[in-house]
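*Asks:* After the C-alpha cells below, expect a handful of questions from me.
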Amino acid sequence: MGLIQDIEKASSRTENFDFNVGDSVEVGYRIKEGDKERIQVFAGTVIAIKGAGVRKTFIVRRIVQGGGVERTFILHSPRVASIVVTRRGTVRRAKLYYLRDRVGKATKVKEKIVASAEKKAAAEKKARKSSAKSAEAQG
C-alpha cells in the first residue's frame, strides 16, 4: 500500500454504522466548551451521503422553529461519538435535496417496514402447526 492508504487506514473507525439516505438518525457529537467536553445530540433525516473511505461525509437535516437546519458530519471523525438510527426511511433517490423546498408534513419520509427475525420465526412456526393439523385431518 501507499503512504496515503496507510494513513487513511490508521485514522478510519473500526465500527460499522448502518444507515442510509432517508433514515432518521441521532448523531452524538462531541462539543468542547473551555476545558469541559460534552456530547450534543443532533437528530434529523439523512439527506445525502458523499465520498468514500476516510473522506465519507453525510448531511443531516432537521426543522427548528419553522426553519431548516442542515449539518455535515465526517463519518470517521473522532468528534462523532455515536450514530443511532431511530427510523428507517424508504426513498428512491440518492440525494434528498428536494426536501429543502418542502414545508411541514411534506418533509416526512415514508417509513420502511422491516419484519424482525422474531416475527418471521413466529409466522413460520404458526404455518408449520397449521399444516400439521391439516395433514392430521386428512389422514
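The values are calculated or read from the model by the stated rules, or taken from the named source; none is laboratory data. Predicted model only: the values in this text are computed from it and were never measured. Glycine gets a Cβ as well: all are built from the backbone with ideal geometry, and neighbour counts include every protein chain shown.
For (1) at pLDDT 90 or above; (2) outside any strand (DSSP E or B), each residue gets a yes or a no:
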site: PHE58; (1), (2): yes, no
site: ARG62; (1), (2): yes, no
site: GLY68; (1), (2): no, no
site: ARG71; (1), (2): yes, no
site: ALA81; (1), (2): yes, no
site: VAL85; (1), (2): yes, no
site: LYS95; (1), (2): yes, yes
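*Asks:* List the pairs whose first member sits in segment 2-31 and is closer than 14 Å to ARG79 by Cα, whose second member is outside any loop (DSSP other than H, G, I, E, B) and of a type in the set (Phe, Trp, Tyr), and whose Cβ atoms are under 7 Å apart, counting only residues at least 6 apart or on separate chains?
*Replies:* Listed pairs, sorted by first residue: VAL27/PHE42; VAL27/PHE73; TYR29/PHE42.
*Asks:* Sort through ARG55, ARG62, ARG71 and tell me the only one that's exposed (fewer than 13 other Cβ atoms within 10 Å of the Cβ), of a type in the set (Lys, Arg) and on the phi < 0 side of the Ramachandran plot. So that I can check it myself, show each step before the final result.
*Replies:* Values: ARG62 fails: exposed (fewer than 13 other Cβ atoms within 10 Å of the Cβ); ARG71 fails: exposed (fewer than 13 other Cβ atoms within 10 Å of the Cβ).
Of the residues listed, the single one that is exposed (fewer than 13 other Cβ atoms within 10 Å of the Cβ), of a type in the set (Lys, Arg) and on the phi < 0 side of the Ramachandran plot is ARG55.
*Asks:* Looking at segment 35-52, which of its residues are more than 26 Å from ALA10 (Cα to Cα) and surrounded by 14 or more Cβ atoms within 10 Å (Cβ to Cβ)?
*Replies:* PHE42, GLY44, THR45, VAL46, ILE47
*Asks:* Another question, if that's okay. Identify, please: which residue in segment 11-34 is at pLDDT 80 or above and over 30 Å from ARG92 (Cα atoms) and is, among those, surrounded by the most Cβ atoms within 10 Å (Cβ to Cβ)? Walk me through how you get there before you give the answer.
*Replies:* Initially, segment 11-34 is screened for residues at pLDDT 80 or above, giving 17-34.
From what's left, over 30 Å from ARG92 (Cα atoms): 30-34.
Values: ARG30: 14, ILE31: 10, LYS32: 9, GLU33: 8, GLY34: 5.
My answer is ARG30.
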